[in-house]
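The structure under discussion appears below in the form of structure tokens.
The values are calculated or read from the model by the stated rules, or taken from the named source; none is laboratory data. What you see is a predicted model, and the numbers here were worked out from it, not measured in a lab. A quick note on method: Cβ atoms are made from the backbone with ideal geometry, for glycine too, and the neighbour counts reach across all protein chains shown. Calculation scope for accessible area: heavy atoms of the full protein, side chains included, ligands and nucleic acids excluded. Shrake-Rupley method; radii C 1.70, N 1.55, O 1.52, S 1.80 Å.
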Amino acid sequence: MTKRSVPFFDYPRAYLDDRDELLKIIDDVGNRGAFIMQKDLMEFESTLAEYTGASHAIGVANATDGLELSWMALGLRPGDEVIISSHTMLATASAIKTAGGTPVPVEIGEDNLIDPDAIENAINPRTVGIMPTQLNGRTCNMDRIMSIAEKHNFFVVEDAAQALGSRFKGKHAGTFGHAAAISFFPAKVLGCLGDGGGIITNDSNLHDKLFQLHDHGRDVDGNVKSWGRNSRLDNLQAAILNYRISEYDKIIERRRRIATMYDERLRDLDELQLPPAPSTKSDHFDIYQNYELQSDKRDSLKKYLYENRIGTLIQWGGKAVHQWEHLGFTIKLPVVEKFFERCIMLPMNMFVSDDDVNYVCDKIVEFYRK
Ligand SMILES: Cc1ncc(COP(=O)(O)O)c(C=O)c1O
């Protein structure tokens, strides 16, 4: 009998599990020669807008571009500062930088998301906006963030790369601010077979600018209205996403089920700090892009799980944004730095069976109780 192994994310299965259906889609798109800006993309954009409740959606090459284009469309200028959480992917910060502004990473709160008090403390005359990251499939408490933004007339772009379908008080991640970007990287809850992203917005003027920026300055009728570039979502990827989004609610349900199982099996271990369990009574509807927990013995736990063929991940090379010293940050943020000494993510995806979850939990319990 082969021993059970639970990879952190089994990339070949992102293709192999529905290979027949994917090959049909590739064949259909190929036969039509429908590679760039065809009906599959339009259909996906309208499904994405409808699903999130946004007025507009634009498919882009990846979420990093989506964030950068959003700040460009909002007119970010050199010297302008945008406040972000230091607990995010570097892409959040780099999008501001490449759009011409300055990212200002700040501390996390008890929920490990951007701390509204830290936002307030970082505000100065150069501040023009906030970019909260809706991390691990959880939407920040947007009441406080939006009230700070409204008070100061700031722009808000949400980094919703990890949060399609996540909600706060019933409202979808990505629909609180001026614009948001979502990622369809293969390991995302809605993943395609390569890079892909989407921008959503409720602002029609912003949509027009974003549309031009992502397609060589052309408007929806093909007339050149401004300078732009190419950051389009491939039609083939859009066709694959059309197929996958049709099952999206079932995918979220399964991930919430896995999170519930982890919670039930692990919550009695005082040594662990778990993410909030799915709850219908909460203001938060989480989609569990990741299941990230904290432990003082994180490194030896990771090693023990690895020896038992269980893949785990310490997100983003184990560093907060401001800890990448070559990027010129000189600040210290002790809360988020401590977090990165303790965090670890368990397998959380559609390829993880109930038996896999139980095996992972057995090994974690064994690690603490042996
Ligand atoms: C929080 C966050 N922001 C931005 C990105 C960038 O997304 P993409 O890879 O589509 O550019 C990611 C992707 O992993 C992410 O997790």
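Yes/no matrix, rows are residues, columns are (1) within 28 Å of residue 251 (Cβ to Cβ); (2) more than 16 Å from the ligand (Cβ to nearest atom):
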site: 139; (1), (2): yes, no
site: 153; (1), (2): no, yes
site: 156; (1), (2): yes, no
site: 160; (1), (2): yes, no
site: 163; (1), (2): yes, no
site: 166; (1), (2): yes, no
site: 171; (1), (2): yes, yes
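A search for C-beta distances below 8 Å between a residue of segment 257-271 that is in a helix (DSSP H, G or I) and any residue that is loosely packed, with under 13 Cβ neighbours inside 10 Å, counting only pairs 6+ apart in sequence or on different chains, returns 261/354. What about residue 320, is it under 22 Å from residue 109 (Cα atoms), small (Gly, Ala, Ser) and touching a Lys or Arg at 6+ places or on another chain (Cβ under 8 Å)? No; evaluated as a whole, the condition is false for this residue.
Could we say that residue 53 is modelled with pLDDT of 95 or more and out of contact with any strand residue (DSSP E or B) (no Cβ under 9 Å at 6 or more places or on another chain) here? Spelling it out, it is not the case that residue 53 is modelled with pLDDT of 95 or more and out of contact with any strand residue (DSSP E or B) (no Cβ under 9 Å at 6 or more places or on another chain). Within the option set 265, 298, 255, being outside the structural domain of residue 82 (by TED's automatic domain parsing), under 23 Å from residue 139 (Cα atoms) and either modelled with pLDDT of 95 or more or touching a Phe, Trp or Tyr at 6+ places or on another chain (Cβ under 7 Å) (or both) holds for one residue only, 255. The condition of being touching a residue at least 24 places away in the same chain (Cβ under 8 Å) and either of a type in the set (Ser, Thr, Tyr) or outside any loop (DSSP other than H, G, I, E, B) (or both) does not hold for residue 351. If you go through segment 337-367 and keep only what is open to solvent by 30 Å² or more (accessible area, probe 1.4 Å), over 15 Å from residue 298 (Cα atoms) and not hydroxyl-bearing (Ser, Thr, Tyr), you end up with 350, 351, 354, 355, 358, 362. In segment 1-52, the residue that is nearest to residue 360 (Cα to Cα) out of those that are open to solvent by less than 60 Å² (accessible area, probe 1.4 Å) and charged (D, E, K, R) is 10. Every condition in (1) closer than 22 Å to residue 95 by Cα; (2) touching a strand residue (DSSP E or B) at 6+ places or on another chain (Cβ under 9 Å) is met by residue 289 except one, and the failing one is (2).
Residue by residue, here is whether (1) touching a residue at least 60 places away in the same chain (Cβ under 8 Å); (2) farther than 17 Å from residue 103 by Cα holds:
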site: 148; (1), (2): no, yes
site: 153; (1), (2): no, yes
site: 156; (1), (2): no, no
site: 168; (1), (2): yes, yes
site: 172; (1), (2): yes, yes
site: 178; (1), (2): yes, yes
site: 183; (1), (2): yes, yes
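When we screen 250, 319 for residues that are at pLDDT 95 or above, within 16 Å of the ligand (Cβ to nearest atom) and not hydrophobic (A, V, I, L, M, F, W, C), the only hit is 319.
Filtering segment 77-91 down to residues that are assigned to a loop (DSSP other than H, G, I, E, B) and surrounded by 23 or more Cβ atoms within 10 Å (Cβ to Cβ), which residue is farthest from the ligand (Cβ to nearest atom)?
This residue is 86.
Yes/no matrix, rows are residues, columns are (1) of a type in the set (Lys, Arg); (2) under 27 Å from residue 168 (Cα atoms); (3) not in a loop (DSSP other than H, G, I, E, B):
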| site | (1), (2), (3) |
| --- | --- |
| 289 | no, yes, no |
| 316 | no, yes, yes |
| 326 | no, no, yes |
| 345 | no, yes, yes |
| 363 | yes, no, yes |
